[in-house]
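Input: a single structure, listed below in C-alpha cells.
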Amino acid sequence: MPAASTRTALITGAAGGIGRALVEVFWSAGFRVIASDCTGKPEGMDCDFYLAADLISLVNDQACADCIVGAVREALHGRGLNVLINNAAIQILGGADSLRREDWRTTLDVNLLAPFLLTQALLPELEAVKGSVINVGSIHARLTKKNFVAYATSKAALAGMTRALAVDLGPRVRVNAIEPAAVETDMLRAGFVGNSEAYRQLLSHHPQLRIGQPTEVARLALAIANGGMDFLHGACLSLDGGIGGCLHDPD
C-alpha cells in the first residue's frame, strides 16, 4: 500500500477499463482513492473507499444525490478533494432514424449532467485545496462517425462545459478534459469479436499503427492533477495517436 497521503481523488466509472487504470495509477502515486461505479467493487481493486452509485439517479433524484455526495464527504473525513475525475460514460449507438427520447436522456444524464452536478456539489471540497476537475471526454467531441449522434453530442457538450466552467470558476478550481481516441479496453475488443480484419484496420488508421492504452489516459490525468502546470485550465487535451490530423480520402 502506498504511503499515507492527504491528497484524495474521486474517480467515477471506476469499474471500466480506463477507470481501473485511473484507480491503479492514482493509488500507486500515493493518492487516497475514492472509486465509484454503478456496479460492485471489482475483485482485486485497491482503493480507500468504494461507492456504488447510480449517476442517472443522482441526476434525477435529489435525495439520492444528497446520499451519494454525503457518502463522498464521509469518505473524505473532513479533508479537501484534490481531484475529481468524471470518467463514467455511456455509449448508446443510433442515428437520426432510431434514437429514442430515453436514449438521449440517459446519454446526457450520465455523460454531461452528472459531471456538472458532482462538480457543483463538491466545489467546497475542491476549492479548499485548490483542486482540479478532469473530465474524460472523447475524440467524438470533434470527429465522429455514423450512429454516434447522441454520444458525440454529449462529448462535444462536455468539452464546451469544461471551457465554460474554467471561465466561470477562474482561479478557484482548475477544470480540464482529456479526449482519447480508441483505447484498448474489454468493451472495445468485444465490438470486434469475429471481425479481426476490422480491428486490424482500426490499428492501421492510426499514425502510430496502434490504439491507446488505458494507462496512458491515467498517466495524463495524473500529470494534470499533480500540479506544477496550474496555468493549464479549460483545456481539452487530445490523446489520439495522431489520428485527429488524418484525412482519409480514397487513393
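A few remarks follow.
- Pairs meeting the criteria (first residue in region 188-204 and under 20 Å from residue 240 (Cα atoms), second residue open to solvent by 40 Å² or more (accessible area, probe 1.4 Å) and modelled with pLDDT under 90, beta carbons under 9 Å, at least 6 apart or on different chains) are 198/191; 198/192; 199/189; 199/191; 199/192; 202/192.
- Inter-residue pairs, beta-carbon under 6 Å, first among the charged types (D, E, K, R) and in region 53-81, second surrounded by 13 or more Cβ atoms within 10 Å (Cβ to Cβ) and in a loop (DSSP other than H, G, I, E, B), 6+ apart: 54/38
- Positions within region 171-218 being assigned to a loop (DSSP other than H, G, I, E, B) and either at positive phi or open to solvent by less than 40 Å² (accessible area, probe 1.4 Å) (or both), in sequence order: 173, 181, 182, 185, 194, 206, 209, 211
- Residue in region 235-244 that is open to solvent by 50 Å² or more (accessible area, probe 1.4 Å) and among the charged types (D, E, K, R) present: no
- Of the residues making up region 117-170, just one is part of a strand (DSSP E or B) and of a type in the set (Gly, Ala, Ser), namely 132.
- Filter result (in contact with a strand residue (DSSP E or B) (Cβ under 9 Å, 6 or more places away or on another chain) and assigned to a helix (DSSP H, G or I)) within region 99-110: 103
- Those residues of region 137-163 which are closer than 21 Å to residue 81 by Cα and open to solvent by 60 Å² or more (accessible area, probe 1.4 Å), in sequence order: 163
- All positions within region 88-102 that are in contact with a helix residue (DSSP H, G or I) (Cβ under 7 Å, 6 or more places away or on another chain), more than 14 Å from residue 154 (Cβ to Cβ) and open to solvent by 50 Å² or more (accessible area, probe 1.4 Å): 96
The values are calculated or read from the model by the stated rules, or taken from the named source; none is laboratory data. What you are looking at is a predicted structure, and each value in this text was computed from that prediction instead of being measured. Positions of Cβ are backbone-derived with ideal geometry, glycine not excepted, and every protein chain shown enters the neighbour counts. Note: areas computed on protein heavy atoms with side chains; ligands, DNA, RNA excluded. Shrake-Rupley method; radii C 1.70, N 1.55, O 1.52, S 1.80 Å.
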